[in-house]
Amino acid sequence: MESKANKNSEVWIIAAYEVFARAGFKGLRIEQLAKKVKISKSSFYHHFADLEYFTELLFEYHFDRCRVLAEKEKKCQIIDPDLINVLLEHRTDLLFHRQLRVHRGNANVEKALRKSNALLGNYAAMLWAKTINLNLSQVQLEGLFELATDDFYMRLTEDNLNYEFLSSYFKNLSHITKRFA
């Protein structure tokens, strides 16, 4: 069983994870987070030395979420509905990952983005490659998927992250990639 101190620090991390997913770094203000978790600001400093250390823990939490997402993606047989349902279940994780892409000019964020990409693996890419059935080399498929992934995250918003958007996005992506055949 977790200690109360661990539960309190986890409350801060989960709240900040949700805030960062939607607002990026501008949302990570200790006073605003304290209001959200309904705990005093001094509690933050009791659990975390500073915002930099806290951000590292926030990234570690994201890495854990990426591992869970990757395991679920690995089990998907088809994009629609299997993969789409998994992505919707991990809505906040996708939005957090989008923020990493947006803020990748920061060296620590870039490092976190690379690690989370590695943890996510290429299960979605393999499923996508199977679905589109293109006769491309592995290197070509990976390059195409990398472009599609960047495009996906840049189009993604809190408002459009729904079944219709994802289904339409993957259909359009398949339509575009089939032109390469």
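The values are calculated or read from the model by the stated rules, or taken from the named source; none is laboratory data. Small disclaimer: the values here were computed from a predicted structure and weren't measured. Heads up, the Cβs are rebuilt from the backbone with ideal geometry, glycines too, and the neighbour counts pull from every protein chain shown. The area values use the complete protein model at the heavy-atom level, side chains included, leaving out ligands, DNA and RNA. Shrake-Rupley method; radii C 1.70, N 1.55, O 1.52, S 1.80 Å.
Annotations
- Restricting attention to region 1-37 and to residues that are among the hydroxyl-bearing types (Ser, Thr, Tyr) and at pLDDT below 95, the residue that is most open to solvent (accessible area, probe 1.4 Å) turns out to be 3.
- Looking only at region 117-169, and only at residues there that are of a type in the set (Val, Ile, Thr) and farther than 22 Å from residue 103 by Cβ, the one that is surrounded by the most Cβ atoms within 10 Å (Cβ to Cβ): 132
- Residue list for region 127-181, filter: acidic (Asp, Glu), over 15 Å from the mean Cα position of the chain (by Cα) and assigned to a loop (DSSP other than H, G, I, E, B): 159
- For region 38-50, the candidate set comprises residues that are of a type in the set (A, V, I, L, M, F, W, C) and open to solvent by less than 60 Å² (accessible area, probe 1.4 Å); within that set, the residue that is farthest from residue 110 (Cα to Cα) is 39.
- Any hit, region 127-147, residues being modelled with pLDDT under 95, under 24 Å from residue 24 (Cα atoms) and out of contact with any strand residue (DSSP E or B) (no Cβ under 7 Å at 6 or more places or on another chain): yes
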